[in-house]
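Everything below concerns the one structure shown next.
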Amino acid sequence: MKSGIIYNGPSLLDGQPIVVIATFSNRNTKTGAVVQTYILRSDINPLEASKTGADFSICGDCVMRGEPTTDPKRKITAYSHQSGWRPDIAMQSADNRAQAVAHWKAGRRTFRVIADLGDLDKENEALCPASKEAGRRVQCTACKLCKGSSKGKSIAIVEH
Ligand code: SF4
């Protein structure tokens, strides 16, 4: 078994319904073979939970949590290691060039951490403009290049 639900019930933070999904993979070259868990509201889309603040059920008052907003123009950035998950709104996280190439062939944009600038695939990837190497020209709130879709180059950033 590669994945399974290990908890399905009320949040200990606010009593709302949440689910904990555990997955196992040995494809992550940094961590090696480890179990990863994902904690989600079980009743609403994760992006909706983030935008409305309903993610309090899983994030609590973590300082890294996004700001709830009702502004329809406020966009999000999103990344997923779940291959093929909502490529229309989320970048596909690639841990190496081979994974990125597989996504590109499937018409998906990737976000990849590279060892140095020599690792950048200039034909298919652009350097994150918020990175030190790109001169920290912009922040995600203004850039918003990391929102999936099949158009545009993928994004890479030098490890930091
Ligand atoms: S600055 Fe732009 S390219 Fe870099 S991570 Fe943020 S949204 Fe993505």
Looking only at residues in the stretch 76-86 that are in a loop (DSSP other than H, G, I, E, B) and open to solvent by less than 40 Å² (accessible area, probe 1.4 Å), which one is nearest to residue 156 (Cα to Cα)?
-> 78
Look at residue 122 and say whether it is closer than 11 Å to residue 156 by Cβ, free of Cβ contacts under 8 Å to residues at least 24 places away in the same chain, open to solvent by 50 Å² or more (accessible area, probe 1.4 Å) and more than 12 Å from the ligand (Cβ to nearest atom).
-> yes
Criterion: touching a residue at least 12 places away in the same chain (Cβ under 8 Å), over 28 Å from residue 25 (Cα atoms) and within 14 Å of the ligand (Cβ to nearest atom) - qualifying residue of 140, 146 | 140
When (1) under 14 Å from residue 3 (Cβ atoms); (2) among the aromatic types (Phe, Trp, Tyr); (3) over 16 Å from the mean Cα position of the chain (by Cα) are applied to residue 56, the one that fails is (1)
Restricted to the stretch 104-119 and to residues being part of a helix (DSSP H, G or I) and either among the aromatic types (Phe, Trp, Tyr) or more than 16 Å from the ligand (Cβ to nearest atom) (or both), the residue most open to solvent (accessible area, probe 1.4 Å) is 105
Would the stretch 65-75 turn up any residue that is modelled with pLDDT of 85 or more and surrounded by 14 or more Cβ atoms within 10 Å (Cβ to Cβ)?
-> no
Any chance residue 43 is touching a strand residue (DSSP E or B) at 6+ places or on another chain (Cβ under 6 Å), in a loop (DSSP other than H, G, I, E, B) and not basic (Lys, Arg) = yes
Within the stretch 140-156, residues of a type in the set (A, V, I, L, M, F, W, C), touching a strand residue (DSSP E or B) at 6+ places or on another chain (Cβ under 6 Å) and either not in a loop (DSSP other than H, G, I, E, B) or not assigned by TED's automatic domain parsing to the domain that holds residue 113 (or both) come out as 155, 156
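The values are calculated or read from the model by the stated rules, or taken from the named source; none is laboratory data. This structure is a prediction, so every number in the text was calculated from the model and none was measured. All Cβ positions, even for glycine, are placed from backbone atoms using ideal geometry, and neighbour counts span all protein chains on display. Ligands, DNA and RNA are excluded from the accessible area calculation, which covers all protein heavy atoms including side chains. Shrake-Rupley method; radii C 1.70, N 1.55, O 1.52, S 1.80 Å.
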